[in-house]
Structures are given as C-alpha cells and as structure tokens.
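These notes are about the structure you will find just below.
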C-alpha cells in the first residue's frame, strides 16, 4: 500500500493555516513536485513547516516569503521573514533542535541547509536538495532475437529463435529438394 507524501497541495494548506492564524505568508512555487523523489517532497514540507514555526515564534508580526523550486539539478527552498518581535505567548529565543534535525534530514539525500540572519534584521533559511539522475533504462526485449533466413531459400522470412530447454534435441534439417529437376533421357 502506498501512502501519499506531502506535496504541493499540502504546502498550500500549511501556508493557509499559518495565514489564518494571523501571520502573513506568501508562497511562490515553481516546477513539478511529481518530478522529484518523494524524499525531496517530504524534506521540502518539513523545511517549510519548521521555518514557519520559527517565524511565528521569533517574528510573529513579520511577513514571510516561502519559495520552492522543484526540478533539476536540485530542489530548492528559501524561507525569509522580515524583522519582528517574538510572540508574547512563547519564548523569544531558541533552544530546540529543529534546525539541527532539518540539517540532518536535508543532508541525508546529499543536500545542504543554511540558516541565519539575512543582514536586514530578518531571518533566512534555505535548502538545496540535489535531484538524482533518473535516466530511464531501456527495458529488455522479451522476444527472442531474430535469426537470419537460410541460405538455400527454404525459409525466405526471418524467424525468431526459440530458447532450447535442457536435454532437448535440435530440430531435424529440412528434407533436401534439388534446385531444378533433371529431364530423363529416353534414348
């Protein structure tokens, strides 16, 4: 049984919930989430979720912009929030392990996470997840290979060879037919 992974719809829902809670968040999406591995979609969802949680805790009144780009050579995520104040109902300083866990999650498929002040009083979190090369492999031809026609012309069309089973004998050769009948001498 396959369980659907968080994807495009879930990010839209996640951002919608945060907007309904009173924080302004803009979501900018590009690319096709179905074109990247499930591990990337899950990591993207978790990165956005953690970044929005941190923005709500540390800058609850600041606007947030979430940009996600699905595609090759990498899936990218960037979440920026402007300067703000910590929410009055929660601590204003960190102490959790959210960013450490995100770094591990993004690093597992070979990605990179960067988080810190953006130089303008806000905070920026970005992730880059390289997309593995998914070149389609040619499927093997299930039919046996073609065998050329016989030189004597007894089988003008190519035929398919048949795999021989162990212990089987090859088929007998076709009966010999002279190429041209010889007239009989009655004299």
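The values are calculated or read from the model by the stated rules, or taken from the named source; none is laboratory data. Remember, it's a predicted structure, so these values are computed and weren't measured experimentally. Every residue, glycine among them, receives a Cβ derived from its backbone with ideal geometry; neighbour counts consider all protein chains shown.
Some points to look at:
- Odd one out for residue 99 among (1) surrounded by fewer than 18 Cβ atoms within 10 Å (Cβ to Cβ); (2) at pLDDT 90 or above: (2)
- Among the conditions (1) surrounded by 20 or more Cβ atoms within 10 Å (Cβ to Cβ); (2) within 22 Å of the chain's Cα centre (by Cα); (3) not in a helix (DSSP H, G or I), residue 23 misses just one, which is (2).
- Of all residues making up the stretch 109-129, the number that are closer than 28 Å to residue 36 by Cα and surrounded by 13 or more Cβ atoms within 10 Å (Cβ to Cβ): 12
- From 82, 31, residue being farther than 20 Å from residue 116 by Cα and touching a residue at least 12 places away in the same chain (Cβ under 8 Å): 31
- For residue 30, the conditions (1) touching a strand residue (DSSP E or B) at 6+ places or on another chain (Cβ under 8 Å); (2) surrounded by 16 or more Cβ atoms within 10 Å (Cβ to Cβ); (3) at pLDDT 90 or above all hold with the exception of (2).
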